[in-house]
Amino acid sequence: MVLGCANRAGGMRMLLTSCSYIPLELPLAAGLPAKRLFVLDGAEVDADGLLPRDFCPYARALMREYDPGDVLAIAGSCDAMRRAYDAIRYWGLAADVFYLDVPRTADEAAVDYFAGELRQMARHIGVVGPAGQVEEQSLRLACEAMNKARAAMAETARSLEEGTLRASRLLQAIMDVNELMGDVARWGMTWDREEGFGREVCDALTRAVRAEIEKALSVSVQPPALAGRVRVGVSGTCLLDLSVVECIEEAGLEPVFIDSCMCQRVYDFSVDVNPSYDIYMELARSYLSKPGCPRMFTGDERIARLGALAAMYGAKGLVYFAPKFCDLGYYDFPDVKRGLRESFGLPSLLLEGEYGAGRTGQVLTRAVAFREMLEGRGEPSGA
């Protein structure tokens, strides 16, 4: 199967990313539409000859042939993604693949290093992008557009607290915005991409994102529909698709915040576009300081943040999802479980699953048992 070419007329190139730590601002500034790869399209991917079976299901899902015109950006978010990058290069699955090394801390040395990595990525993208380079003014405007997009998604997420929007609908809206980022035809204007990312493009993209978000709010539910459901938070390494959250909702639990790379880690930050600051340093600082995933060395800080979110939104427990064979998740969960129990009195449940197979009988049974425990009717195994 060839990814990413269905929505592109005239051979328009696109940058596809593997991780929320890869700034979409850079390709936009170079005249390249860009989006995150979820690669969940129902197509069977035979990765057995490329990566081991007992391997990250998301990394295995990336093992497919890409459109020759696409640029694939892989972040060094974990060992599995590094191996995925190696396999994609070795087997020639993508004509143009770039590796972005991401530090695991957010101190000034890490920010400086990451800014250098982003400059290198900008030089690479500038060569292949229609604009020919990444102009600083275009980059600042792209940062402004992404700031507004993130603010719109954050505004939508507040509806979870009010009980007027289901978590699965929020995730679907974020995935729809992601698809919009890569589909210039839906921005409502003609983009002369050789001129980079100008004010007209910035405003058009902002309006398109806002319209997409308003669609999500138009199918909101009334609070009485959620009566009797138990509020929980959702966290983990990478929440790969909607099926896990749909299963949690089906079990009678109501996620009121989702700390994942498909939700809060995508929109809960902004980039300072003050012209007196080095835009690459600000971009690096913002992305490294955003709500961190388990790959970052911020364990105690992340546990404190999860506890604060639970208190803010009235969550009675935490559901933690880790894809099968995810080393980061298996190392992280015991610390999260212990920290939330000892410091906040919150129980936690670990769920694991394959890519796109989170809505299974086993997952539903454990989620229902967790709800019953939170209601005081039983004690689930593994909670």
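Derivation of every value follows stated rules applied to the coordinates shown; laboratory data play no part. Since this is a predicted model, take the numbers as computed values, not measurements. We place every Cβ from the backbone using ideal geometry, glycine too, and count neighbours over all the protein chains shown.
General observations
- Remark on the chain: ratio of C-alpha radius of gyration to 2.2 N^0.38 Å is 0.97.
- Additional length obtainable on full extension of the chain from residue 65 to residue 272, 0.36 nm per residue less Cα span: 70.8 nm
- Kirkwood Rh in Å, taken over all unlike Cα pairs in segment 224-374: 16.1 Å
- Between residue 161 and residue 136, the contour length at 0.36 nm per residue exceeds the alpha carbon distance by 5.2 nm.
- Pairwise label distance in nanometres, residue 195 with residue 312, each label 7 Å out on the Cα-Cβ vector: 4.0 nm
- Extended-chain gain in nm, criterion 0.36 nm per residue less alpha-carbon gap, residue 112 and residue 338: 78.0 nm
- Computed about the Cα centre, the dipole magnitude for the chain is approximately 640 debye when only Lys and Arg (+1) and Asp and Glu (-1) carry charge, each at its Cβ.
- Length-normalised contact order of the chain in % [C-alpha pairs under 8 Å, at least 6 apart]: 18 percent
- Spacing of the two label points (7 Å from each Cα toward its C-beta) at residue 211 and residue 89, in nm: 4.1 nm
- Checking every one of the chymotrypsin sites (Phe, Trp or Tyr not before Pro) in segment 58-115 against DSSP loop status and a limit of 13 other Cβ atoms within 10 Å picks out 91.
- Only lysine pairs 8 or more places apart, or on different chains, with alpha-carbon atoms under 30 angstrom apart are counted in the chain, and they number 14.
- Counting only Cα atoms, the size of segment 287-339 along its three principal axes is 31, 25, 17 Å, in decreasing order.
- When each of the peptides 332-339, 183-190, 287-294 is scored by the mean number of other C-beta atoms lying within 10 Å of its residues, the order from highest to lowest reads 287-294, 332-339, 183-190.
- Using C-alpha pairs under 8 Å with a sequence gap of at least 6, the mean separation divided by the residue count of segment 216-374 gives a relative contact order of 31 percent.
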